[in-house]
Amino acid sequence: MKRWIMDLLAILFGAFLLAIGFNFLLIPHQLLSGGLSGVAMLIGYFTDWNIGLLMLLLNVPVIIWGLIAIGKRFVILSLVSVAVTTWLMQIIPVKAVAEEPILAAVFGGVLVGAAAGISLRVGGSTGGFDIIGSIITRNRDFPLGSFLFILNGFVILFLGYYKDNWDLALFSMLSIYVGSKLVDSIHIRHVKITAFIVTREKDKLLKHLLQSRGVTLIKTEGAYSNQEQDMLMMVTTRYELAELKKVIKESDPKAFVNIVETAAILGEFRRKH
């Protein structure tokens, strides 16, 4: 319950950042954030329809897909994010706080990227292409932010072509690029680490570790003590490192642990269910 509350607070904070970035920076200059929110903005700029409500409607089918492909917890957090963002966009006035479009693009990208990164890190999303990207990268090991940047590029090209204003399109591309880099710096699920755990509580550790990852067991001997011990080697993500440390501390506080960053992986990494 405590974790749920903390995750919901993070989602609410992300929704607040997103609404601020939209209404104070991007929308006043008719810039796009990319993804389905960018599509909603594009429709809103041409039709004067409510962008927040459009964003909510466009997210419904994608959220249903996320429920099927990822799970209930992810969808609940994503739905809260989209609903709260839509609500905040109705009560926060659309007001330009930066006169220069390039400043609005950069700092709008920072806020949108931070919101997406925070939401993804706690196991949710801000909706739209974040959900699509999470589904596609779930079993692929490459940066989610870079993948979202590619998807969003198509939306930007649409803006430049149909509005015949490539300055706005390029400013929007800059905003999305900044946001995608921030997503990758916060959402670190793709960064791999290898943990070498020397322990005398092999069975306790394996009981927890084998639930999510494969583990290699290596017999070792202490050079000073001449006592036989076990060394567990496993590859995981930096995103899951905090949980790994917690498991080790609870199972064997005296374990010797060496954690190194992994440059590349060949073979099966994710455990199939």
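The values are calculated or read from the model by the stated rules, or taken from the named source; none is laboratory data. Keep in mind the model is a prediction, meaning the values are calculated, not measured. Ideal geometry is used to build each Cβ from the backbone, glycine not excepted, and the neighbour counts take in all protein chains shown.
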Output for the range 242-264, where each listed residue is in a loop (DSSP other than H, G, I, E, B) and at pLDDT 80 or above: 252, 253, 254, 255
Please work out which residue is nearest to residue 38 (Cα to Cα), limiting yourself to the range 107-119 and to residues that are among the β-branched types (Val, Ile, Thr) and buried (at least 19 other Cβ atoms within 10 Å of the Cβ). 112
Of the residues in the range 175-214 that are without any contact (Cβ under 8 Å) to a residue 40 or more places away in the chain and surrounded by 16 or more Cβ atoms within 10 Å (Cβ to Cβ), the one that is nearest to residue 123 (Cα to Cα) is 209
With respect to the numbered conditions (1) over 15 Å from residue 39 (Cβ atoms); (2) buried (at least 18 other Cβ atoms within 10 Å of the Cβ); (3) at pLDDT 80 or above; (4) of a type outside the set (Val, Ile, Thr), which one is the sole condition not fulfilled by residue 172? (1)
